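The values are calculated or read from the model by the stated rules, or taken from the named source; none is laboratory data. Keep in mind the model is a prediction, meaning the values are calculated, not measured. Methodologically, a virtual Cβ is constructed for each residue, glycine included, from the backbone with ideal geometry; neighbour enumeration extends over all protein chains shown.
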Amino acid sequence: MTSDSPNNNKLRNIVGVVLAFVLAIIFLVIAFKNVDFPQTFALMRNLSMGWFLLYIVLFYLSHLLRALRWKVLIKSVKEKTSVLNLFGSLMIGYGINVPVPRLGELYRGLFLGIWEGISRTSMLGSIILERFIDIFSFTIGALICIPIYSGNLLSEVSWLRNALIIGFIITLFFIVMLFAVMLFKERITAGIVKIARAISNPLAVKAESFFNMLLVGFASLKTIRDYFVTVLYTVLILLCYAVSAWAVFNSLGLQNVNFGIAWIYMILGVVAAMIPTPGNIGAYHMVTIFILHTLFGFSNETGAAFALLMNTSQVILFILTGIIFFTLINNLNAKRGIKKENFISVFRLREQSGK
């Protein structure tokens, strides 16, 4: 049974990838079933390059801000980290997420951990904390959507109310967990491991490892300044996302779109990122066309043009930028006498980077 375990894991991974591609195809069919492609491509041919270049600048700025926020989240583990390594690891991770959804989250932590000599637990703990911050910020962003939308958003988007409830439940869970960890760290860890061990020893090991990651993540922000800077970066990231969407609307000649529409689209469109399709293909197109058509009365063709432009450009930029920074950082490290890393070597343990 033990010898079959790696084969089972490999088969499970292959099935997962295949299912993700099948989902993407299904969502593409649903998204484009009522779209007139000649009209869609006509809209895209009249693209304003000035506005589109602004979108690309904001695209990179938003991810630079993400890298800077990540720097704050791991400051308690390592005071000074290279912004080049932070940004490079982030873009490599997003590039990997294109063919294999979610795998990039692991890889960006592994690459930065190896390049900066930081433990895996610390890196993954910071990523868990970052995801919590994203959930909380998008939940607040969704609340802001309600008063700025001209109609009744909660009735027109049936899933929004449940999404808000789930977002606040997750937020409350993390806050309660934070205080519980601060007060009863050893007792809680021992209790969770004991419960998991009653089920199976491997589960107990995984539970202890995951809980240690949470502890590291929670311990990342130590001062008022850390909290303030993290909130500031988060607000700027959201604004960059919204303004970049507004720039794409304008690049397609939709000048009557105001910032409020771009904000609502940006916040509600994040649901597509939760659907694990390669590069968000299919899911992104389906959700975007739904939002723009249902809430704002845009034609399916306009929604399709917007979705194709945004998603295709992001997939290309993520892959190209990931390759560029993977090559650049490895070459710079080689000149300093540091061994080049690849997608297999980052899984090894280094003495300085810990487990």
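In segment 284-293 there is at least one residue that is over 19 Å from ARG108 (Cα atoms), among the polar types (S, T, N, Q), out of contact with any strand residue (DSSP E or B) (no Cβ under 9 Å at 6 or more places or on another chain) and crowded, with 20+ Cβ neighbours inside 10 Å.
Residue pairs whose Cβ atoms lie under 9 Å apart, sitting 6 or more positions apart in sequence or on different chains, and linking a residue in segment 144-161 that is in contact (Cβ under 8 Å) with a residue 40 or more places away in the chain and more than 21 Å from LEU238 (Cβ to Cβ) to a partner that is surrounded by 11 or more Cβ atoms within 10 Å (Cβ to Cβ) and of a type outside the set (A, V, I, L, M), are GLU156/TYR149; GLU156/THR294.
Listed conditions (1) buried (at least 16 other Cβ atoms within 10 Å of the Cβ); (2) of a type in the set (A, V, I, L, M, F, W, C); (3) at pLDDT 85 or above are all met by VAL181, apart from (3).
Out of ARG45, ARG108, ARG69, which single residue is basic (Lys, Arg) and touching a residue at least 24 places away in the same chain (Cβ under 8 Å)? After ruling out the rest, the residue left standing is ARG69.
Of all residues in segment 270-310, those satisfying the criterion of being closer than 18 Å to SER150 by Cα, out of contact with any Gly (no Cβ under 7 Å at 6 or more places or on another chain) and of a type outside the set (Val, Ile, Thr) are PHE290, LEU295, PHE296, GLY297, PHE298.
Consider LEU221 carefully, then state whether it is at pLDDT 70 or above and either closer than 30 Å to TYR55 by Cβ or of a type in the set (Phe, Trp, Tyr) (or both). No; evaluated as a whole, the condition is false for this residue.
Checked against the criterion of being farther than 30 Å from THR234 by Cβ and among the hydrophobic types (A, V, I, L, M, F, W, C), segment 45-57 has at least one qualifying residue. Of everything in segment 316-332 that is of a type in the set (A, V, I, L, M, F, W, C) and crowded, with 20+ Cβ neighbours inside 10 Å, the residue that is farthest from ASP36 (Cα to Cα) is ILE329. Being more than 30 Å from ALA334 (Cβ to Cβ) and at pLDDT 90 or above is the requirement here; does ILE144 meet it? Judged against the criteria, ILE144 is a match.
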